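In what follows, a single structure is set out as structure tokens and then discussed.
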Amino acid sequence: MVSVHDNGIGISDTNIKKLFRIDENFTTIGTNSEQGTGLGLVLCKEFIEKHGGQIWIESREGQGSVFSFSLPGIV
């Protein structure tokens, strides 16, 4: 399992559901006013699932997020 923690703006439960959907194109302005395309996590999900893994996010608005994924057979 690999996890990346941040202390950014956080993500609501409603918006977490949109992050991995290609038909939602969800993106927000980051803590330094950076902007994304909304495709990065969709691509990550595709690659990870193609290799038998899982990806998930835990987040609290205003407190940051933890992005995690697991892959089978990785030591």
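Since every read-out is calculated from the coordinates, none of them should be taken as a lab result. Just so it is clear, the model here is predicted, and its values are computed rather than measured. In this analysis, Cβ positions are derived from the backbone assuming ideal geometry, glycine residues included, and neighbour counts consider all displayed protein chains.
Numerical summary
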quantity: Mean Cβ count within 10 Å, highest first, over the residues of peptides 63-71, 12-20; calculated: 63-71, 12-20
quantity: Inter-site label distance for Glu34 and Glu58 at 7 Å from Cα along Cβ, in nm; calculated: 2.4 nm
quantity: Cut-off 12 Å, label 7 Å out along Cα→Cβ of Val4, residues of the stretch 38-61 by amide N; calculated: 40-45
quantity: Angle in degrees between helix 40-50 and the longest Cα principal axis of the chain, rounded to the nearest 10; calculated: 20 degrees
quantity: Charge dipole magnitude, Cβ of K and R +1, D and E -1 - the stretch 2-70, Cα centre, debye nearest 20; calculated: 100 debye
quantity: Neighbourhood net charge (11 Å Cβ-Cβ; Lys/Arg +1, Asp/Glu -1) for Phe20; calculated: 0
